[in-house]
Amino acid sequence: MVTVNEMQQVLDRAECIFDMNDINEALDRMAKAITAKLANKNPLFICVMIGGVIPAGHLITRLNFPLEMDYIHATRYRSSTRGGDLHWLVEPRQSLKDRTVVIVDDIMDGGLTLAAIIDYCKQAGAKEVYTSVMVNKERTREPGVNFEPDFTGLHAENRYVFGFGLDYKEYLRNAPGIYAVAKQDE
């Protein structure tokens, strides 16, 4: 079991790679791009829980056009720092049939989770599916993942990152910035 003291030590050793000013500027850029492309399409924004909740909350308040929101909960990590099998926990309540859907997540890492959610949306009849991520990790995608996010806030090196929705062993999502863990904590 992880202790609060251990998590504080992880935070203390981590490097802040994006502060809240960087994040707010990125969110403003994303909102401008999303507005230009989707303002007249009656989009349904789907927040990917749990990591997407903080970026989605901040992003949605910057969009000044009618939209609907829902959420989906699919995870590969389950308290680990390494992804495993995808587990579906909650499906959207809204019908996706003939909708323009925007998936909002915290990070594009290997891409398997987002790819599975895109596939789910298409199978549910979505007319268009866009992806929006706070952080796009610069790394080789997993086999079979052949897309990049449509809307990206920040680009990060291939390091383990947490904060602003991203977790470290289910903790530190609330860190006010995006941090890279120290080598000893990877």
Could you list all residues from the range 132-160 that are surrounded by 20 or more Cβ atoms within 10 Å (Cβ to Cβ) and in contact with a helix residue (DSSP H, G or I) (Cβ under 6 Å, 6 or more places away or on another chain)?
134, 151, 153, 154
Just one of (1) without any contact (Cβ under 8 Å) to a residue 12 or more places away in the chain; (2) farther than 30 Å from residue 5 by Cβ trips up residue 141, so point out which.
(1)
Is there a residue being among the acidic types (Asp, Glu) and assigned to a strand (DSSP E or B) anywhere in the range 108-127?
no
Cβ contacts < 9 Å: first residue over 13 Å from residue 126 (Cβ atoms) and touching a residue at least 40 places away in the same chain (Cβ under 8 Å), restricted to the range 87-109; second residue assigned to a loop (DSSP other than H, G, I, E, B) and acidic (Asp, Glu), any location; separation 6+ or different chain. Result?
106/167; 108/148
Has the range 41-60 got at least one residue that is modelled with pLDDT of 95 or more, of a type in the set (A, V, I, L, M, F, W, C), touching a Cys at 6+ places or on another chain (Cβ under 8 Å) and farther than 20 Å from residue 163 by Cα?
yes
Options 159, 99: the member that is at pLDDT 90 or above and closer than 21 Å to residue 56 by Cβ:
99
Could you please let me know if residue 51 is part of a loop (DSSP other than H, G, I, E, B), in contact (Cβ under 8 Å) with a residue 40 or more places away in the chain and closer than 23 Å to residue 14 by Cβ?
yes
Answer yes or no: is there a residue in the range 117-131 that is in contact with a strand residue (DSSP E or B) (Cβ under 8 Å, 6 or more places away or on another chain) and closer than 17 Å to residue 27 by Cα.
yes
Scan the range 29-64 for residues that are aliphatic (A, V, I, L, M) and closer than 17 Å to residue 108 by Cβ and jot them down.
30, 33, 34, 46, 48, 49, 50, 53, 54, 56, 59
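The values are calculated or read from the model by the stated rules, or taken from the named source; none is laboratory data. Bear in mind the structure is a predicted one, so any value in this text is a computation, not a measurement. FYI the Cβ positions are ideal-geometry reconstructions off the backbone, even for glycines, and counts take in every protein chain you see.
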